[in-house]
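One structure is given below, encoded as structure tokens.
The values are calculated or read from the model by the stated rules, or taken from the named source; none is laboratory data. Predicted model only: the values in this text are computed from it and were never measured. So basically every Cβ, Gly included, is an ideal-geometry build from the backbone, and we count neighbours across all protein chains shown.
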Amino acid sequence: MLAGGVVWLTQDEDAPAVRERCSARVGGESTSMSPEQAGNAATVVGISVLRGLPARAATIAIATVVQESRIENLDHGDRDSLGLFQQRPSQGWGTPAQVQDPVYATNAFYDALVEVDGYRDLPVTDAAQRVQRSGFPLAYGDHEPEARLVASTLTGYDPGGFNCRLRALDESIERGDDDSPTPTADRLRRAVAAQVTASAPRVVAESEGKVLEYRLEGEEAARLAWALAGWSVASAKVHDVTEVSVAGSRWSRERSGRGWVAAETGVPTGGVRVGDRSAAGQRPARSR
């Protein structure tokens, strides 16, 4: 378990503030983390989905960042090690700025991992060590159980297994239209394109530019939709997401203590709606 603790959600204004936490759960097993860690985990796993890599690659990568940085984008480390993967600029991983960019660092890790012959069949600790060349080569395997949970939920193989319990957002004053996303929605769009899918979204009608809809295609459309949905929940703190919907299920930030709930979302199989519906978007969005 990455971190523990009880999370209390309440509507009592005099009660203590919600302790924001995220968790990956499969069956009776779970692991929890901070929203910051969840956002980084979403990047690491999402990029494996974007690149079409197997879930095993994501498991190896998550086990690596748990060991190296506890899934935190560190600005320090042993000698010149930096970032999520504690990559060393002096060893050719990139500039200090590059290895502290989670997207760059994750792609650099996967670039090296796919060059490891038979990495899918190697023990996690061996595959990770062939990339990292760590002084503690046996430590990566210690984190395989929680890495599997995170990878399985964020790749969409265990739908609805990733949840974040977050405080509600203040009402946004941003406004767009049916053709133009708000600045926040546009930043979300660009992050999705860099981290989880190249599919282009549309702005949902009557959402004032705050909500994007994606339509994933192909035989794995349903799984990929759940991968994007899981990424969106894990990244909700970073990108000011208040609601994520897929076919038959919805996650709402205001009711995030309930996790994913069954709902008539109007979203087809392979579709995902994501964005800020806390103000505009109160009316049901029309499907096109």
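Points worth noting:
- Filtered residues of the range 149-185 (kept if modelled with pLDDT under 95 and among the hydroxyl-bearing types (Ser, Thr, Tyr)): Ser172, Ser180
- Only one of the numbered conditions (1) over 25 Å from Gly257 (Cα atoms); (2) surrounded by 17 or more Cβ atoms within 10 Å (Cβ to Cβ) is not met by Arg187, and that is (2).
- A search for C-beta distances below 9 Å between a residue of the range 226-249 that is on the phi > 0 side of the Ramachandran plot and any residue that is in a helix (DSSP H, G or I), counting only pairs 6+ apart in sequence or on different chains, returns Asp240/Thr184; Asp240/Arg187; Asp240/Leu188.
Here's the yes/no breakdown for (1) at positive phi; (2) surrounded by 24 or more Cβ atoms within 10 Å (Cβ to Cβ):
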| position | (1), (2) |
| --- | --- |
| Ser30 | no, no |
| Glu36 | no, no |
| Ala58 | no, yes |
| Ala61 | no, yes |
| Val65 | no, yes |
| Glu68 | no, yes |
| Gln87 | no, yes |
| Gly92 | yes, no |
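- Options Ala263, Ala234; residue that is among the small types (Gly, Ala, Ser) and surrounded by fewer than 20 Cβ atoms within 10 Å (Cβ to Cβ): Ala263
- Scanning the range 210-247 for residues that are out of contact with any strand residue (DSSP E or B) (no Cβ under 6 Å at 6 or more places or on another chain) and farther than 22 Å from Ile47 by Cβ yields a count of 2.
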